[in-house]
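Before any comments, here is the structure.
The values are calculated or read from the model by the stated rules, or taken from the named source; none is laboratory data. Model, not experiment: these values are computed from the prediction. Cβ placement follows ideal geometry from the backbone for every residue including glycine, while neighbour counts extend to all protein chains displayed.
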Amino acid sequence: MSGVLIDPNPRTFGDGLTVGPIGFGCWRFTQTDNAAAHAVLDTAVDLGMNLVDTADVYGLDWGGTGFGTVEERLGEVLASAPGLRDRIVLATKGGIVPGVPYDSSATALRSACEASLRRLRVDCIDLYQVHRPDLFTHPSEVATTLAALHREGKIRSVGTSNHTPAQHQALASALTEVGIRVATTQVEWSAQRLDPMRNGTFDLAMEEATTVLGWSPLAGGRLTEGVDPSGDQALVDVLDDLADRHGVTRSTIGLAFALTPPCRPVILVGTQTPQRLRAATEALGVPLTRTDAYRIIEASEGVPLP
């Protein structure tokens, strides 16, 4: 349909990695039952959500029992399901150390990556991301560490997470000097959090041909619940109007909007319910237009566009 913004086709990045436009985020992957964890992961992959994104720090909340427990659970599922590892693009993150809170020094980052490999029970991580920038480690030190891990076959591709465009660019430049290209940048992105569209993140991603991974595309559930931080419900009203027009839910419109930018982001959904995972894929077929998307932006920002 002419004017429709969403591209439902797969995205390719890094070392020949191809993923669907919706990925499976593991922040809430804290089930203690292996069968239930296997069922939700299987559903996600069957739906085309083959990018599975986790982090070593996941497990400290959402019912987890501590640092590293989500990676351990994911590792158990992969070990118990022969063939599943080959169907996914496995992404994790390191660099957060509770109590520090960030450490990307050579020793710490290497230790974090190797610990993730052990917990995940794999020989190689497809996408290894620096979870948050360590303001006291020079980008060249981070780059040297990541390059060594890459040479050793422990990681295939490298990404940044929660970096400003300038922080991302500094690390990307240092990595270029050691022969590695940054494959992805992961940022918070939703109809309630438009920063990446305004602060240069998306522009830089298109310039560098870097894939954007958008976390919390439903604003941590606030869009689903109909909570507008502005207090005037303008955004919720627009989402509901579009949902009525297209015959879908408010959540579906929220996910659809997160897929509209021309940088072709991959959005990460964190639901642990197979039914909701299936519902999330409906966003790929919503024919949102520029007019629809700009209505959402105006309502979110609370001011008319110039």
Exercise. Looking at the stretch 164-189, which of its residues are among the hydroxyl-bearing types (S, T, Y), over 17 Å from L149 (Cβ atoms) and either part of a loop (DSSP other than H, G, I, E, B) or touching a strand residue (DSSP E or B) at 6+ places or on another chain (Cβ under 9 Å) (or both)?
Worked result: T164, T185
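Residue-by-condition table, conditions (1) touching a strand residue (DSSP E or B) at 6+ places or on another chain (Cβ under 7 Å); (2) more than 17 Å from T273 (Cβ to Cβ); (3) of a type in the set (D, E); (4) surrounded by fewer than 17 Cβ atoms within 10 Å (Cβ to Cβ):
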| site | (1), (2), (3), (4) |
| --- | --- |
| A36 | no, no, no, yes |
| T43 | no, no, no, no |
| E71 | yes, yes, yes, no |
| P82 | no, yes, no, yes |
| V89 | yes, yes, no, no |
For this session: May I ask you to list pairs of residues, at least six apart or on different chains, whose Cβ atoms are under 6 Å apart, with the first in the stretch 33-45 being within 19 Å of I22 (Cα to Cα) and the second being aromatic (F, W, Y) and not in a helix (DSSP H, G or I)?
Result: A44/F24
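Would you mind stating whether E225 is without any contact (Cβ under 8 Å) to a residue 24 or more places away in the chain, over 19 Å from R264 (Cβ atoms) and of a type in the set (D, E)?
Working: without any contact (Cβ under 8 Å) to a residue 24 or more places away in the chain: yes; over 19 Å from R264 (Cβ atoms): yes; of a type in the set (D, E): yes.
It is true that E225 is without any contact (Cβ under 8 Å) to a residue 24 or more places away in the chain, over 19 Å from R264 (Cβ atoms) and of a type in the set (D, E).
Taking the options T65, T137, T107, T145, name whichever one is modelled with pLDDT under 95 and either more than 24 Å from A174 (Cα to Cα) or not in a strand (DSSP E or B) (or both).
T65
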Problem set entry | Pairs where the first residue, in the stretch 12-31, is closer than 22 Å to G221 by Cβ and the second is of a type in the set (K, R) and part of a loop (DSSP other than H, G, I, E, B), C-beta under 9 Å, 6+ apart | P21/R264
Exercise. Which of the residues spanning the stretch 190-243 are at positive phi, assigned to a loop (DSSP other than H, G, I, E, B) and surrounded by 15 or more Cβ atoms within 10 Å (Cβ to Cβ)?
Worked result: G200, S216
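Give the residue, chosen from W62, W27, that is farther than 30 Å from A143 by Cβ and aromatic (F, W, Y).
Working: W27 fails: farther than 30 Å from A143 by Cβ.
Only one candidate qualifies: W62.
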Exercise. Among the numbered criteria (1) among the basic types (K, R); (2) part of a loop (DSSP other than H, G, I, E, B); (3) under 25 Å from V40 (Cα atoms), which single criterion is violated by R278?
Worked result: (2)
Problem set entry | Given (1) assigned to a helix (DSSP H, G or I); (2) free of Cβ contacts under 8 Å to residues at least 60 places away in the same chain; (3) touching a helix residue (DSSP H, G or I) at 6+ places or on another chain (Cβ under 9 Å), number of the condition L117 does not satisfy | (3)
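Quick one: would you say G75 is more than 26 Å from P21 (Cα to Cα) and of a type outside the set (A, V, I, L, M, F, W, C)?
Details: more than 26 Å from P21 (Cα to Cα): no; of a type outside the set (A, V, I, L, M, F, W, C): yes.
No, not satisfied.
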Exercise. Which ones in the stretch 91-108 are in contact with a Ser or Thr (Cβ under 6 Å, 6 or more places away or on another chain), surrounded by fewer than 23 Cβ atoms within 10 Å (Cβ to Cβ) and not hydroxyl-bearing (S, T, Y)?
Worked result: A106
Problem set entry | the stretch 142-198, residues that are more than 30 Å from G302 (Cα to Cα), over 16 Å from the mean Cα position of the chain (by Cα) and of a type in the set (G, A, S) | A143, A147, A148, G153, A170, A172, S173, A174, G179
Problem set entry | Residue in the stretch 192-201 that is farther than 15 Å from C263 by Cα and not acidic (D, E) present | yes
For this session: Might you check whether a residue that is of a type in the set (S, T, N, Q), exposed (fewer than 15 other Cβ atoms within 10 Å of the Cβ), in contact (Cβ under 8 Å) with a residue 12 or more places away in the chain and in contact with a Gly (Cβ under 7 Å, 6 or more places away or on another chain) occurs anywhere in the stretch 267-279?
Result: no
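Considering only residues of the stretch 33-62 that are touching a helix residue (DSSP H, G or I) at 6+ places or on another chain (Cβ under 8 Å) and farther than 27 Å from A283 by Cα, which is modelled with the lowest pLDDT?
So the first thing to find is which residues in the stretch 33-62 are touching a helix residue (DSSP H, G or I) at 6+ places or on another chain (Cβ under 8 Å), and the list is 34, 37-41, 43-45, 47-50, 52, 54-56, 58-59.
In the following step, the residues that additionally are farther than 27 Å from A283 by Cα were identified as 34, 56, 59.
Values: N34: 90, D56: 98, G59: 95.
Within the stretch 33-62, the match that is modelled with the lowest pLDDT is N34.
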